[in-house]
Structure formats: C-alpha cells, structure tokens
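**Student:** Attaching a single structure in structure tokens format; questions to follow.
The values are calculated or read from the model by the stated rules, or taken from the named source; none is laboratory data. Nothing here was measured: the structure is a model prediction, and the numbers come from that model. For neighbour counting, all protein chains shown are included, and Cβ atoms are generated from backbone atoms with ideal geometry for every residue, glycine included.
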Amino acid sequence: LLHHDYCEESFPIIILGQFICENVCLFKYGPHIKSGQVLIVNADYLVIRSAKPYLVTPGTTVHGHYGEILYEGDTLVTFIYEKSRSGDITQGLPKVEQVFEVRSIDSISMNLEKRVKGWNERIP
C-alpha cells in the first residue's frame, strides 16, 4: 500500500485479510480515512472491518484473541517496564524535558505503516 501522497502514481493490490492503515490510498479517488481489515474484495467495492492499531513494546501481554469483541473498559494490553529507584531528585529531570520536547510524528507513522505491511506479508 502507498501513502496518500502517492495516489496519482500507482494503486495497490488488495487481498482478503489485509490490514489497512488510516489515510492509505486504495483508489484513485483519494485515501481511505479509517484503519481496518479487508473482509470482502469485489471489482466494484471493498468491505473493511473497522479496527484501530495499537503499537506496543516487546514483552507486552496482549489480552484477548483474534476475532474476540472488546468492550469499553476491557484491558487490551499490559506493559512490562522497569522503574529505577534513586535518591537523587535530578535523575528524573531529563525525562521531564522529553515530555515537553516537540518531535515529528512522521517517523511514528512510517513505523506503523512498516508494521502493518509486515503483518500483511504473514497473512496466508
């Protein structure tokens, strides 16, 4: 799949079960706004199950299984992390700076698109 900036150049081959990122160009008419999974592929239309991707770190426990319906308030994932202990109050200051630092989200978007492409490659 191609990012919406490249819609005029070429179009993707869409396969059943494929995951689609939001704002990805599926047709020449413009990008598909929402993310999801392709359920039906027809010459004239697609049926896409709405789904929202969540990026997690390695070692994260995922609660739930493929096809299972999740409801508001259900636990989706449990993150594993280490918390360092120190008596020095200045040790945490660089983390505060990172919170307020302005960063580009382009790399996050590109990383998400690469992960979705990887998932799609593993679909039989």
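**Student:** Would you tally the residues in segment 37-53 being surrounded by 10 or more Cβ atoms within 10 Å (Cβ to Cβ) and part of a loop (DSSP other than H, G, I, E, B)? Please lay out each step first, then the result.
**Tutor:** Let us first name the residues in segment 37-53 that are surrounded by 10 or more Cβ atoms within 10 Å (Cβ to Cβ), namely 37-41, 46-49, 51, 53.
Now drop any that are not part of a loop (DSSP other than H, G, I, E, B), which leaves 51, 53.
Matching residues across segment 37-53 total 2.
**Student:** Touching a helix residue (DSSP H, G or I) at 6+ places or on another chain (Cβ under 9 Å) and of a type in the set (A, V, I, L, M, F, W, C) - does that describe any residue in segment 56-74? Outline the logic, then answer.
**Tutor:** Start the filter on segment 56-74 by keeping residues that are touching a helix residue (DSSP H, G or I) at 6+ places or on another chain (Cβ under 9 Å), which leaves none.
No, because not a single residue in segment 56-74 is touching a helix residue (DSSP H, G or I) at 6+ places or on another chain (Cβ under 9 Å) and of a type in the set (A, V, I, L, M, F, W, C).
Quick grid of which residues meet (1) small (G, A, S); (2) surrounded by fewer than 10 Cβ atoms within 10 Å (Cβ to Cβ); (3) modelled with pLDDT under 65:
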site	(1), (2), (3)
Y71	no, yes, no
G87	yes, yes, yes
G92	yes, no, yes
V99	no, yes, yes
G118	yes, no, no
I123	no, no, no
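**Student:** Among the residues of segment 23-36, how many are at pLDDT 80 or above and either out of contact with any strand residue (DSSP E or B) (no Cβ under 7 Å at 6 or more places or on another chain) or surrounded by fewer than 15 Cβ atoms within 10 Å (Cβ to Cβ) (or both)? Break it down into steps so the answer makes sense when it comes.
**Tutor:** As a first pass, look at segment 23-36 and keep what is at pLDDT 80 or above: 34-36.
Now drop any that are not either out of contact with any strand residue (DSSP E or B) (no Cβ under 7 Å at 6 or more places or on another chain) or surrounded by fewer than 15 Cβ atoms within 10 Å (Cβ to Cβ) (or both), which leaves 34.
Residues meeting the conditions: 1.
**Student:** Applying the selection to segment 46-83, what residues are of a type in the set (F, W, Y) and within 20 Å of Q18 (Cβ to Cβ)? Spell out the reasoning first.
**Tutor:** At the first step, the residues of segment 46-83 found to be of a type in the set (F, W, Y) are 54, 66, 71, 79, 81.
Y54, Y66 - these are the residues of segment 46-83 that are of a type in the set (F, W, Y) and within 20 Å of Q18 (Cβ to Cβ).
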